[in-house]
1. Search segment 32-43 for residues being surrounded by fewer than 16 Cβ atoms within 10 Å (Cβ to Cβ) and not acidic (Asp, Glu), and hand back the single one that is farthest from LEU194 (Cα to Cα).
2. Name the single residue, out of those in segment 64-103 being polar (S, T, N, Q) and in a loop (DSSP other than H, G, I, E, B), that is farthest from LEU138 (Cα to Cα).
3. Mind listing whichever residues of segment 37-96 are of a type in the set (Asp, Glu) and touching a residue at least 60 places away in the same chain (Cβ under 8 Å)?
4. Please state which one of LEU129, LEU143, LEU138, LEU106 is of a type outside the set (Ser, Thr, Tyr) and part of a loop (DSSP other than H, G, I, E, B).
5. Taking segment 99-133 as the search range and keeping residues that are of a type in the set (S, T, N, Q) and surrounded by 16 or more Cβ atoms within 10 Å (Cβ to Cβ), which one is farthest from the chain's Cα centre (by Cα)?
6. Return the pairs, sorted by first residue and then second, in which the second residue is of a type in the set (Phe, Trp, Tyr), the first residue lies in segment 101-121 and is closer than 16 Å to PRO55 by Cβ, the beta carbons are less than 7 Å apart, and the residues are 6+ apart or on different chains.
7. Could you tell me which of the residues ALA146, ALA150, ALA110 is at pLDDT 95 or above, farther than 30 Å from ASP72 by Cβ, touching a strand residue (DSSP E or B) at 6+ places or on another chain (Cβ under 7 Å) and aliphatic (A, V, I, L, M)?
8. Out of everything in segment 11-28 that is modelled with pLDDT of 95 or more and under 17 Å from ARG68 (Cα atoms), what residue ends up being surrounded by the most Cβ atoms within 10 Å (Cβ to Cβ)?
Amino acid sequence: MTGLLQNPDIPLVLASTSATRAGLLRSAGVAFETAAPGVDETSIKEAAKVDGLSPEDAALLLAELKARRISDRLPSAVVIGADQILVCEGQWFDKPESRAAAAAQLAALAGRTHRLVTAVLCMRGGVVLWRHVASPRLGMRPLAEATIAAYLEAAGEAVLGSVGAYQAEGLGVRLFSSIEGEHAAILGLPLLPLLGFLRQHGALRD
């Protein structure tokens, strides 16, 4: 059935090992391969901050570096690169390395509104064809220390795979008072703009 909706002459590759991003594409009926780009995201983000890049430019830079690694190996494919940076009152957050770090991160976000700066781009033959940045806004309600501890106990190790130490698509939604933006972008891939580009480019049938 997917073959009726997609152009087999334009192979698609997701330059990511994210199960969430892959799941979003699959749920939309997109056929693609995945490839690990092998990019040191932490050091690149640190260098981007030192160089004074905005979160938007840093996310786009990382998305492009991921896509370029794969595009160099597979020049005939349309390669999708993506990255996400959480920004709260000027501070950048990354995936927590431990439960204690997750608790500290949630405490820092509690009672505040943060942005999930989410970049996606497509590259073919080493040339960037299209780029897009979405910035969903999430308002987290004030959280007591006991509430954070109870949430982390219930959520388990899965929170360590989330840039905000929460998973808004599941139990973590209980931490929020407001969420603005495309659900897929919150999860790490602005899907509607991406599908629009792929149709325009001829990879998906209109």
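The values are calculated or read from the model by the stated rules, or taken from the named source; none is laboratory data. Bear in mind the structure is a predicted one, so any value in this text is a computation, not a measurement. Cβ sites come from the backbone with ideal geometry, for glycine too, and all protein chains shown count toward neighbours.
1. SER43
2. By that ranking, first place goes to SER76.
3. Passing the criteria: GLU56, GLU64, ASP94.
4. LEU143
5. GLN105
6. LEU121/TRP130
7. ALA110
8. Out of the qualifying residues, it is ALA15.
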